[in-house]
Structures are given as C-alpha cells and as structure tokens.
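Chemist: The following block contains the structure, expressed as structure tokens.
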Amino acid sequence: MTLTAVITGASQGIGRATAYLLARKGYNVVLAARQHDRLEAVAGKIQEQGGQALAIPTDVTDIQQVNILIEKALETYTQVDVLINNAGICMTAPMAQTSLEDWQKILNVNLWGYIYPIHALLPHFLERRQGTIINVGSFGGKMPLPHMSAYCTSKYAVTGLTETLRLELEPKGIHVCGVHPSVTNSDFLERAVFRGEGDNSNQRIRQQMEEMLKSPLASQPEAVAEDIWNLIKSPQAEIVVATGAIATNLYRLAPNLTRWLLQQSIKQ
Ligand SMILES: NC(=O)c1ccc[n+]([C@@H]2O[C@H](COP(=O)([O-])OP(=O)(O)OC[C@H]3O[C@@H](n4cnc5c(N)ncnc54)[C@H](OP(=O)(O)O)[C@@H]3O)[C@@H](O)[C@H]2O)c1
C-alpha cells in the first residue's frame, strides 16, 4: 500500500521541498497551508510528474480546519503514516517591542499549530500502533538567539513537545523526531515580523536577515528535506541541521562564552 504523509506549511520553503521529495519517493502527500493558489501549484507540479498530492487549504491555528485536514486525508487515502509539522513564522524583536498580540501569534502558529495536528491524528496512529511524527523545530529551540524571545520560546516548546511525546509514544510503536534547521534560504522573511528599537532598525534587521539567508553558510530547503527523509527512513531522536549543530554544540559545551558572543552581536 502506498504510504501517505501530511505536511503543514507545504506551499513554500522547507515544507514544499519535503513535499516534492516525498512524492518522488512514492508517497501520497497531503499539503496544508493557508494560501490556496500556492498550495495548488505545488500539488499540480507533483501530479504532472505522476505523483499523488491533495491540497487542503488550512490555517493550522484553527482547530476545526485542522480536524477537517486530517478527516479529508483519511477519507482520501484511508491511512496516514507520517505527519510533518512544519508551518512556522519568525519574529525578531527585543522583549520591550514584542506586543502580547505578537506573542500570541507566534505561539499560535509555531506551537498550537503543531499540537492541533498531533491531537487530531494521534487516535489513528494509536489504533494502528504505528506512525511517525516529525516536528520541524529550529536551532533556536536548542539555544537562545538574540532578540528572538517569542520565536525561541515557541521553538523550545516544540523541543519539549517532541522529547516528551517520544518518551510516551515510542513504546506504542509511534516515532516522534525533531529536525532543527539553522538559517535556511527559504521564503521565511515573507511572513517574518521585525520590530527594532530605533526608526531605521526594522529595515536594518530585515537586511541583516536577508544577507544571512543568502550566505553560503545558510542551508537550502532541499537539504533540510533530505534530513526529514532520513528521519522517516531511520527514525532517531533528532537532527540538528548543518551549521546549527556547530552553534548548539558550542552553546552546550561553553554556554557563557556563547552567551557573551551573542550579546556582542546586538551591542549598540
Ligand atoms: N528558514 C529558516 O531560516 C528556518 C530556520 C530554523 C527553523 N525554521 C523552521 O522551518 C519551518 C519552515 O520554515 P520555512 O523557512 O520553510 O518558511 P516559509 O518559506 O516562510 O514557509 C512557511 C510555510 O508555513 C505556512 N504557514 C505559515 N503560517 C501558517 C498558518 N497559520 N497555517 C498554515 N500554514 C502556515 C506558509 O504558507 P501560508 O502563508 O500560505 O499559510 C508556508 O507554506 C518553520 O517551522 C520554521 O520555524 C526555518
């Protein structure tokens, strides 16, 4: 029987690269994101190449839409084997410039947007005593990043969710894995929120981020998709992608030095 994967945030970036890769590997892919036209374009390309794709416009912060996503996936393909929680948004701002609405928005997408699909799909996985959940976190869920309290809080929560669920679900035949990208040259900045301290600082921070995404040290979405595929094939606790592994190891081994270096990067 053909295996099926549900991928959130599948219209662009890492999610789209993962959808193309899994379709090439012979999976049925169920694609979720909010913007219908972009999602249909991804599904169309997969179908042109002989793959099976179903686009279901979904806002992952809406529990009812997520329930419908999972119901339609099961109706169409009978079973789901892999859930890839990937939809996410980025925010850079000092705490004083981060409004409570900003906090709610980030946590709604990056945390609740992962909890809802797991909650909706878990009964199916438990009944079959099999399934794989891949949560796309961030190296910012393994170490602090300057002026990213809301984002890092959401991603540390994803790390906690992933590790705790693994403990609980492993004996029940369900794999729970984390993939933690570092800076990845995706379309992340399209939705990113920047708030700085001075008049020109939003623009300046955005430019710095743009340069980082284009640097040779940045990963490509296709490389992260390969790591996701490696976790599906041979489940393990987590993969920290590329340069993120160097940074997080440095933080683990020398937290004070790393904190000092990070503080220098935001000194006025
Ligand atoms: N790029 C990086 O440097 C980087 C680094 C570390 C971790 N990550 C993580 O990697 C994951 C993917 O990021 P990316 O770089 O591929 O970003 P991206 O190119 O901006 O793609 C984000 C995807 O999420 C979807 N999305 C956003 N809000 C959504 C919502 N409320 N409901 C449903 N879908 C939603 C977007 O589509 P719609 O707008 O149409 O909904 C889009 O398909 C995220 O979890 C991110 O935190 C990225």
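The values are calculated or read from the model by the stated rules, or taken from the named source; none is laboratory data. Note that the coordinates shown come from a computational prediction; the quantities given were computed from them, not determined experimentally. Every residue, glycine among them, receives a Cβ derived from its backbone with ideal geometry; neighbour counts consider all protein chains shown.
Chemist: Enumerate the pairs (first residue in the stretch 192-208 and under 14 Å from Ser265 (Cα atoms); second residue anywhere and more than 16 Å from the ligand (Cβ to nearest atom) and at pLDDT below 85) with beta-carbon separation below 8 Å, excluding pairs fewer than 6 apart on the same chain, so at least 6 apart or on different chains.
Modeler: Close Cβ pairs (under 8 Å, with a partner that is more than 16 Å from the ligand (Cβ to nearest atom) and at pLDDT below 85) amount to Arg204/Gly196; Ile205/Gly196.
Chemist: Further, regarding this structure: Hey, any hits in the stretch 220-231 for a residue that's over 25 Å from Asn249 (Cβ atoms) and within 14 Å of the ligand (Cβ to nearest atom)? Show your work before the answer.
Modeler: Going residue by residue through the stretch 220-231, those that are over 25 Å from Asn249 (Cβ atoms) are none.
Looking for residues that are over 25 Å from Asn249 (Cβ atoms) and within 14 Å of the ligand (Cβ to nearest atom), one finds none in the stretch 220-231, hence no.
Chemist: Among the residues of the stretch 18-56, write down those that are within 8 Å of the ligand (Cβ to nearest atom) and surrounded by fewer than 24 Cβ atoms within 10 Å (Cβ to Cβ).
Modeler: Answer for the stretch 18-56, where residues must be within 8 Å of the ligand (Cβ to nearest atom) and surrounded by fewer than 24 Cβ atoms within 10 Å (Cβ to Cβ): Arg34, Gln35, Arg38.
Chemist: Among the listed residues Thr92, Thr76, Thr61, which satisfies the condition of being crowded, with 18+ Cβ neighbours inside 10 Å, touching a strand residue (DSSP E or B) at 6+ places or on another chain (Cβ under 7 Å) and of a type in the set (S, T, N, Q)?
Modeler: Step by step, each of Thr92, Thr76, Thr61 is checked, and only Thr92 is crowded, with 18+ Cβ neighbours inside 10 Å, touching a strand residue (DSSP E or B) at 6+ places or on another chain (Cβ under 7 Å) and of a type in the set (S, T, N, Q).
Chemist: Please list, ordered by first then second residue, the pairs with beta carbon atoms under 6 Å, 6 or more apart or interchain, first in the stretch 79-94 and within 11 Å of the ligand (Cβ to nearest atom), second in a loop (DSSP other than H, G, I, E, B).
Modeler: Asn86/Gly9; Ala87/Gly9; Ala87/Val60; Ile89/Arg191; Cys90/Ala192
Chemist: Is it true that some residue in the stretch 163-177 is surrounded by 23 or more Cβ atoms within 10 Å (Cβ to Cβ), within 28 Å of Lys105 (Cβ to Cβ) and of a type in the set (D, E, K, R)?
Modeler: Checked the stretch 163-177: no residue is surrounded by 23 or more Cβ atoms within 10 Å (Cβ to Cβ), within 28 Å of Lys105 (Cβ to Cβ) and of a type in the set (D, E, K, R).
Chemist: Also, I was wondering about something else. Which residue out of Tyr156, Tyr151 is more than 8 Å from the ligand (Cβ to nearest atom) and surrounded by 14 or more Cβ atoms within 10 Å (Cβ to Cβ)?
Modeler: Tyr156
Chemist: Looking at the stretch 193-213, is at least one residue more than 13 Å from the ligand (Cβ to nearest atom), in a helix (DSSP H, G or I) and at pLDDT 90 or above?
Modeler: no
Listed here are the residues, each with its yes/no results for (1) touching a residue at least 24 places away in the same chain (Cβ under 8 Å); (2) exposed (fewer than 13 other Cβ atoms within 10 Å of the Cβ); (3) touching an Asp or Glu at 6+ places or on another chain (Cβ under 7 Å).
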site	(1), (2), (3)
Met212	yes, no, no
Lys233	no, yes, no
Val241	yes, no, yes
Asn249	no, no, no
Pro255	no, yes, no
Leu261	no, no, no
Ser265	yes, yes, no
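Chemist: Looking for something among the aliphatic types (A, V, I, L, M), within 13 Å of the ligand (Cβ to nearest atom) and surrounded by 14 or more Cβ atoms within 10 Å (Cβ to Cβ) - is there at least one such residue anywhere in the stretch 124-133?
Modeler: No.
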